[in-house]
Structure formats: structure tokens, C-alpha cells
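Worksheet for the structure shown next.
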Amino acid sequence: MSFSDSFMEESWLIYRHKCKFMCQSSRRCYLWRVDALTDILSTVRLRGALHTRLEASPPWGIDFAASEKLRFALVSHGFCHLVPGGGSAPIPLKRGDGFLLVGPEPFSLRDRPQSQAQPCATVVDRAAGGFVKIGDGPAATSLVLGWFTFEPGSSSLLRDLLPPITCFSLSSPRFRTTQAALDLLSAEASSDAPGADLVVGRVGDILLVEAIRAHLANSDVHEAGLVCLLADRRIARALQAIHADAGHAWTLAELAHIAGMSRSSLAAEFRRKAGQPVMDYVVRWRMRLACMRLRDSSMPLSRIAREVGYEAESAFGRAFKRIMKITPGAYRRSMRGRGGEGDREPSVR
């Protein structure tokens with residue numbers, strides 16, 4: 001394991017310990033949510049980051065094109081409007097408000113919804129030292145803008161976890177960690193100190209956790225998907241068991257017992273909230289773990305098969321091809337051929 005990998009793993013374990021400590025003073029069911037969430041996010045990897053400070057005087061507007069990057073912004077002074085693509089209603093943002101986008105859709109930031117906007121590329125081209133100014137008058141609005149790129153397979157999982165846009169407010173005490181993370185990002189993104197890029201990536205992990213917490217806290221009703229499962233205390237227990245031992249030969253009866261539900265109730269609730277049967281989720285999660293091992297290691301296929309719950313390599317190969325439409329060996333060769341680029345890991349929905 002390289003120094004970089006060791007440092008990243010240690011940083012994540014420290015943050016995970018912090019999450020568990022914080023949960024001990026909250027509702028017991030929240031501990032299950034964070035444990036399952038930690039296991040899921042341990043497979044999400046942020047590769048790089050771009051950070052810009054923006055000061056603007058009215059009228060102003062910026063159009064952001066569709067992108068596969070994880071994008072976020074924080075209003076540090078004044079106010080503006082987030083105008084989503086697709087004709088959705090503008091979202092007003094004031095000092096301390098922020099948002100995170102995992103969807104590829106375009107969006108705009110403007111002082112007023114009707115203000116004219118210029119392309120983001122034009123604005124970023126004028127950035128010097130991570131700072132850009134729009135307009136000649138006094139700055140009425142200041143923002144922190146950021147973009148993260150992903151390791152392969154991460155974007156599809158994040159879209160299972162979060163809606164296209166997640167808004168949050170740092171005025172809430174619960175998001176003090178977010179403020180600290182953004183302060184650290186601001187310092188490290190413009191630093192040439194050794195390890196600065198690594199710190200920026202870990203800050204991105206923290207922002208993801210905080211955004212998902214915000215989404216969980218905003219409402220008790222969520223669209224079908226992983227967040228909907230995490231929000232259900234009983235199903236979250238079953239989800240945690242699956243993630244704790246993906247190689248176990250899970251049965252619906254075992255998972256129902258862990259959840260404290262009948263088999264029929266778990267099957268019906270899981271399908272309704274996740275949009276798929278519980279045992280399909282087990283297989284898809286196993287295949288996601290298998291993809292990571294195929295991409296990141298030279299581990300023999302027989303050993304990978306055993307680790308994700310298959311005694312026979314042939315049974316693993318059939319399951320992998322059914323989900324991925326390609327054999328495990330061909331997948332490994334294709335990922336090495338493209339240098340690990342792309343997003344060829346299964347969604348868990």
C-alpha cells in the first residue's frame with residue numbers, strides 16, 4: 001500500500017470514528033444510517049478538485065454546462081439565485097447557504113433569475129490565483145465554487161444516494177463540520193504544500209457525508225433509492241448487515257430477522273423504497289465490490305469470487321456477466337486498457 005493510500009485510509013477511519021461518536025448522542029437509528037453510509041461511501045473516490053472564489057457586482061450571471069463532475073457552491077456574502085436546468089423554479093440562496101450537485105444537468109447562478117448570464121468557461125479563464133471578479137462595482141455577492149472529479153464507478157453510486165441538487169445552510173449548528181471543511185478547502189486548494197491535493201480529496205469526502213446528512217434531515221419522505229433505505233431504521237439494519245459481510249450467503253429470512261420484520265414485509269418495503277428486490281441489491285453490491293478488486297488489484301478471480309460470496313468461479317462469472325454484460329476477465333483488461341478511466345461499475349439501484 002502506498003503512502004497516499006495509507007494516508008487516505010487512515011483519514012477516512014478517523015472521520016468514521018468521529019461520525020460514530022457524534023451519533024452516540026443522537027437517536028439510535030441514526031447510528032445504523034451512518035454505519036451503512038460509511039460503508040457505501042468507502043467505495044466512492046474523488047480524484048481531483050478545482051476551487052475558485054468569485055466576487056460579483058450586479059447584474060451578473062454564470063451558465064454552467066452539463067458535467068459529470070461533482071459541483072458545489074457556498075454563498076459567503078450577499079445573495080444569489082440557483083437556476084436549475086430544465087425549467088425548474090429558481091432557488092434563492094443567502095449568506096451561509098450552499099448546494100451540491102451530482103447530476104449532469106446544466107444550471108446557472110445569477111443575482112436575479114432574469115439576469116443575463118455568461119458561460120462558465122469565460123469566467124474561469126479570467127481566474128487568477130483561484131479568484132475571479134465580475135463587474136466593476138463593489139462586490140454584492142461572494143461565492144466559493146468547486147468541482148470534483150471521480151474515480152471510475154463513483155458517479156453512478158452518488159446519483160443513487162443523492163438527488164440532482166442538495167441544498168444546505170451553514171447557519172444550522174449541525175453543519176459546523178461543513179463550514180470547517182470549506183475553510184480547509186479554501187486554504188488547501190491554493191496551497192503548494194506537500195499533500196495539498198490529498199487533503200482536498202478528503203475534504204470532498206466530508207462534504208459528501210454532510211450533503212447526504214442534510215438530505216436525510218430535510219424530510220422523512222425520500223424518492224426510491226439508497227437514501228430511502230438509510231432513512232428507514234429497520235431496513236437500515238439489514239443494509240448494514242449486507243455491507244458488513246457481503247460474502248455471506250444471505251437469505252431473505254436472515255435479513256428479515258435482523259430488520260425485525262417478516263419476510264413478506266421486508267420484501268415489499270425494500271422493493272417499494274429501493275425499486276428492486278432485496279436479494280438483487282445483495283448481488284449488485286457484490287458486483288460493485290468485485291469491480292473494485294478487478295480494477296485495483298491483481299487478485300485471482302477465484303479469490304475475488306470467494307470474497308464476494310461465490311464458492312465457484314464459474315458461478316461468479318455468470319453473475320458478473322449478467323449484471324455487467326461482460327466477463328470479469330474482459331472487464332479487468334478493459335479497465336487496464338483505459339487506465340482506469342470511465343464509469344463502468346454497476347449502479348446499486
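Side notes on the structure shown:
- From phi via Karplus (6.51, -1.76, 1.60), per-residue ³J(HN,Hα) for region 236-250 in Hz, x at Gly/Pro: 4, 5, 5, 4, 4, 5, 4, 6, 6, 8, 5, x, 5, 7, 5
- A simple spin-label model places pseudo-atoms 7 Å from Cα toward Cβ; at residue 79 and residue 297 they are separated by 5.3 nm.
- Accessible-area ranking of 321, 69, largest first, probe 1.4 Å: 321, 69
- Simple label model, 7 Å out from Cα along Cβ direction - residue 245 to residue 325, nm: 3.5 nm
- Förster radius 35 Å - calculated FRET efficiency between residue 67 and residue 114, Cβ distance, rounded to 0.05: 0.90
- Two-site FRET efficiency, residue 253 against residue 57, from Cβ-Cβ distance with R₀ of 41 Å, rounded to 0.05: 0.05
- Two-site label geometry, residue 284 and residue 91: point separation in nm, points 7 Å out along Cα→Cβ: 2.4 nm
The values are calculated or read from the model by the stated rules, or taken from the named source; none is laboratory data. All values derive from a computational prediction rather than experimental measurement. Quick reminder, even Gly has a Cβ in these numbers, built from the backbone with ideal geometry, and neighbours come from all protein chains shown. These area figures cover heavy atoms from the full protein model, side chains too; ligands, DNA and RNA do not enter into them. Shrake-Rupley method; radii C 1.70, N 1.55, O 1.52, S 1.80 Å.
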